[in-house]
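The values are calculated or read from the model by the stated rules, or taken from the named source; none is laboratory data. If you're wondering where the values come from, they're calculated on a predicted model, not measured in any experiment. As a convention, Cβ positions derive from the backbone with ideal geometry for all residues, glycine included, and neighbour counts pool all protein chains shown. Just the protein is used for accessible areas: all its heavy atoms, side chains included, with ligands, DNA and RNA removed. Shrake-Rupley method; radii C 1.70, N 1.55, O 1.52, S 1.80 Å.
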Amino acid sequence: MSPDINPLDPSAPLDPLPGHTSRGRLERVLRRGEFAVTAELNPPDSANPQDVYERAAIFDGWVDGINAVDASGANCHMSSVGICALLTRMGYAPIMQIACRDKNRIAIQGDVLGASAMGVQNIMCLTGDGVQAGDQPGAKPVFDLDCMSLLETVRIMRDNSKFLSGRKLTTPPQVFLGAAINPFAPPYDFRPYRLAKKIEAGAQFVQSQYCFDVPMFREYMKKVRDLGLHEKCFILVGVGPMASAKTARWIRSNVPGIHIPDSVIKRLEGAQDQKEEGKQLCIDIINEVKEIEGVSGVHVMAYRQEEYVAEIVHESGVLKGRRPWKPETTPTDALVAERLEHLREGVEENQQQMAEAAAHHPH
Amino acid sequence: MSDPKVVTGNAQPAKKAATGAYTPANVSPSRRARHKYTVRLWAVRNSRFLEWFYNRFADLFLTLHPLWNALGYNRVERPVTFIERHVKGFLFDCRMCGQCALSSTGMSCPMNCPKQLRNGPCGGVRANGHCEVEPDMPCVWVQAWKGSQNMVKGDAIMNVQKPVNQSLRETSSWLRVTAEAAARRDAARKETQR
């Protein structure tokens, strides 16, 4: 059994370790120096918990954390709090995303406490896309905090046991704090400094935007290493398969912040099976970025191609034989099941006989 | 296009769409009264001069502290706010958040960002340096980074800004900064006298 599982209850937090801020699996994996893999759960448009479990089951045994997105692209879906509530129940390690677009500081601080109480160990602080990008552009954009002040708010709650107002918390939320980076958008020379700012505000790990331009990312990482930032924070590179050249072109012109070089589109276009090529491209990029110094893991965003995550992770060999957690039955579960079965059979239990049997039970 | 002049202004989604820019739903979440960025961009280009000028100006305001005190900060609040709104409104498209961060943001007002980011650009900045939400507006933070490069204390852009205190909106940050500086000065004086 892996050391990252609570032997009593997989959904319970792990034992605290020195130097760890959270009691979750992801932080342990990263701090041990292992190459971490995270993935993004496509949030369902339904009120059925089974939909969430089905979508999470695809990642079983392949990822160390599952991102529960907070209305990504400003499109309405099941909330990240709800998804996290369901996932933590089953023992998964969700990374709860909080976007500043929809909630003000009062709601956010309340959600952080609630999430931590449910067993969420990782929180990712984002600014969020503008409302105009989504399916309800008439919504009021909130943006009360920005990602930086959100990071700082959660850090203050965790480290100082205080709300932003200074009011005391009786139990602080023990969470591992994450943020997002996008090295592929201007102003390019400010981007590494912005990461430094995020680290100062409290980021302990970062996940990047889709990386399709490895030379550009290498350049960014060089600057990051010069600033010594890779030692203060775990950097996970965002990767993902492209379904076709057409999709890539659409994403490039319609989704803000994703930079796809022409060479990538050309490669996809030239392929016989574009879907297969997209997957291969993703594996190639993983193999390239994993060698860059300072990269601690990958974040696989396979939107609507979640079934390929296992294959991509397997073929790139980044786990090096390590098997991340997957839901498994514990010995106690079997005992309970057996007992329930026994009761169902309607066998009458005689207390005296049972005591007799126990007394003569050979030890 | 025959007319090389790019159509500016935010409340013209149809024209915006015609330029081929990204216009998701023909809606701008934060409609703007201003539609020209010329003066704003001038301020960023001349951020070093404006920084120098502001330092002189802040000193002047501080020397006038006894006057403000005699008149009462509450009583001068309204006229000073009026002047501040119009001067900074013209120069920076000021949004009167009441807690000015211009000297930390390269003289580019961060409240003009549709997401009102005060700590740096979001990940959605277009390759041409324009805003994700307002395709015809140069990203406030791309400008801020440029402006801060010219400034003596440009490194202030690295400071993590606190969340905006919404209760200070529409108040004068000049007076607040002056009052705070005066309080600090008095405290320091008391310290030395002891």
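What the table shows:
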| quantity | calculated |
| --- | --- |
| Hits in the stretch B:116-132 (condition: under 20 Å from B:Cys97 (Cβ atoms) and open to solvent by less than 10 Å² (accessible area, probe 1.4 Å)) | B:Leu117, B:Asn119, B:Gly120, B:Pro121 |
| Check on A:Asn182, within 26 Å of B:Pro135 (Cβ to Cβ) and of a type in the set (S, T, N, Q) | yes |
| The listed residue being of a type in the set (Val, Ile, Thr) and open to solvent by 70 Å² or more (accessible area, probe 1.4 Å), out of A:Val255, A:Val347, A:Val295 | A:Val347 |
| Those residues of the stretch B:135-161 which are part of a loop (DSSP other than H, G, I, E, B), open to solvent by less than 50 Å² (accessible area, probe 1.4 Å) and at the interface with chain A (Cβ under 9 Å from one of its Cβ atoms), in sequence order | B:Cys139, B:Val160, B:Gln161 |
| Number of positions in the stretch B:154-170 that are farther than 24 Å from A:Glu200 by Cβ and within 14 Å of the chain's Cα centre (by Cα) | 2 |
| Scope the stretch B:75-100; condition among the hydrophobic types (A, V, I, L, M, F, W, C), under 27 Å from A:Asp129 (Cα atoms) and open to solvent by 10 Å² or more (accessible area, probe 1.4 Å); matching residues | B:Phe92, B:Cys94, B:Cys97, B:Cys100 |
| Those residues of the stretch A:120-150 which are under 11 Å from A:Ile108 (Cβ atoms) and more than 8 Å from every other protein chain (Cβ to nearest Cβ), in sequence order | A:Ile123, A:Cys125, A:Val142, A:Leu150 |
| Candidate set: the stretch A:221-252, residues that are more than 23 Å from the chain's Cα centre (by Cα) and within 16 Å of A:Lys198 (Cα to Cα); chosen: the one least open to solvent (accessible area, probe 1.4 Å) | A:Gly228 |
| Qualifying residues in the stretch A:166-217 (those that are within 11 Å of chain B (Cβ to nearest Cβ) and acidic (Asp, Glu)) - the one most open to solvent (accessible area, probe 1.4 Å) | A:Glu200 |
| Answer from B:Gly120, B:Gly106 - the residue that is part of a loop (DSSP other than H, G, I, E, B), in contact with a helix residue (DSSP H, G or I) (Cβ under 6 Å, 6 or more places away or on another chain) and at the interface with chain A (Cβ under 7 Å from one of its Cβ atoms) | B:Gly120 |
| Residues (over 14 Å from the mean Cα position of the chain (by Cα), among the β-branched types (Val, Ile, Thr) and not in a helix (DSSP H, G or I)) located in the stretch A:34-73 | A:Ile58 |
| Search result, residues across the stretch A:74-107 that are open to solvent by less than 10 Å² (accessible area, probe 1.4 Å), more than 14 Å from chain B (Cβ to nearest Cβ) and part of a loop (DSSP other than H, G, I, E, B) | A:Gly91 |
| Qualifying residue in the stretch A:270-280 (condition: in contact with a Phe, Trp or Tyr (Cβ under 8 Å, 6 or more places away or on another chain) and crowded, with 19+ Cβ neighbours inside 10 Å) | yes |
